[in-house]
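A.B. asks: I have a structure I would like to understand better, so I am pasting it below and will then ask my questions one at a time.
The values are calculated or read from the model by the stated rules, or taken from the named source; none is laboratory data. Not measured: the values here are computed from a predicted model. Using ideal geometry, Cβ is built from the backbone for each residue, glycine included, and neighbour counts are taken over all protein chains shown. Note: accessible area is taken over every heavy atom of the protein model, side chains too, but ligands, DNA and RNA are not part of it. Shrake-Rupley method; radii C 1.70, N 1.55, O 1.52, S 1.80 Å.
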Amino acid sequence: MLARRALVSAFVAAACSSAPEVETAPRPAPQPAQDGGGAPAAVPSGRGAGVLYRPAPLSPYLLQRRDSLTLQLPGGASQAQQFTRTAFLGVTVQGREPPYEVAIKLDSVRQEGGLVPPDSLHRAEGTHWVGSLSANGKLGDLRADRLSTVGDQIGATLPTLFPALP
């Protein structure tokens, strides 16, 4: 009986320790991106291949911000307000070389909480911003086609769409 247990244990251990056969094939070497004309895209010199922003067609973005305000009321009391604002944006980056032209359109905006009147949100919808974008993500000369409080607040957060690249 003891010999039988030892034999079964040996078979179980052997079955558990064997790995399935895996077929390995050499991976093809990565090819540089083609830039329309058939020439490889230029890679900046330095510590290796860099990560850069490039032109892109209309791309949808969702920009969400959560804020908490504490208001000091007369008499020493305080009131906390919390709200979440979600902006639905369309972003286009154009140009042959940096700085690229950037166009951003606020398609719609939603807010949960807070005391912003719905017409203030509606007035901001449709706002267009234009500006420039460097290859490493610096958004500059951003100008809006109209002024509104909500639109100006969203415009101030637009640089977060393009984080700085090393």
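A.B. asks: Test of understanding: among GLN31, GLN82, which residue is at pLDDT below 85 and not small (Gly, Ala, Ser)? Don't jump to the end; show me each part of the working.
C.D. replies: Details: GLN82 fails: at pLDDT below 85.
Sole residue among the options that is at pLDDT below 85 and not small (Gly, Ala, Ser): GLN31.
A.B. asks: Within region 68-95, how many residues turn out to be of a type outside the set (A, V, I, L, M, F, W, C), in contact (Cβ under 8 Å) with a residue 40 or more places away in the chain and either in a strand (DSSP E or B) or loosely packed, with under 11 Cβ neighbours inside 10 Å (or both)? Spell out how you get there, then give the answer.
C.D. replies: Here is the first cut: in region 68-95, the ones of a type outside the set (A, V, I, L, M, F, W, C) are 68, 70, 72, 74-76, 78-79, 81-82, 84-86, 90, 92, 94-95.
From what is left, the residues that are in contact (Cβ under 8 Å) with a residue 40 or more places away in the chain are 85, 95.
Narrowing the set further to residues that are either in a strand (DSSP E or B) or loosely packed, with under 11 Cβ neighbours inside 10 Å (or both) leaves 85.
The number of residues fulfilling the criteria is 1.
A.B. asks: Go through region 114-160 and give me each residue that's open to solvent by 50 Å² or more (accessible area, probe 1.4 Å) and part of a strand (DSSP E or B).
C.D. replies: HIS128, VAL130, ASP141, LEU142, ARG143, listed by residue number.
A.B. asks: For the subset of region 42-67 comprising residues that are open to solvent by 100 Å² or more (accessible area, probe 1.4 Å) and part of a loop (DSSP other than H, G, I, E, B), which member is modelled with the lowest pLDDT?
C.D. replies: Going through the qualifying residues, I end up with SER45.
A.B. asks: Condition first: in contact with a Gly (Cβ under 7 Å, 6 or more places away or on another chain) and aromatic (Phe, Trp, Tyr). Now tell me which residues in region 68-122 satisfy that.
C.D. replies: PHE83
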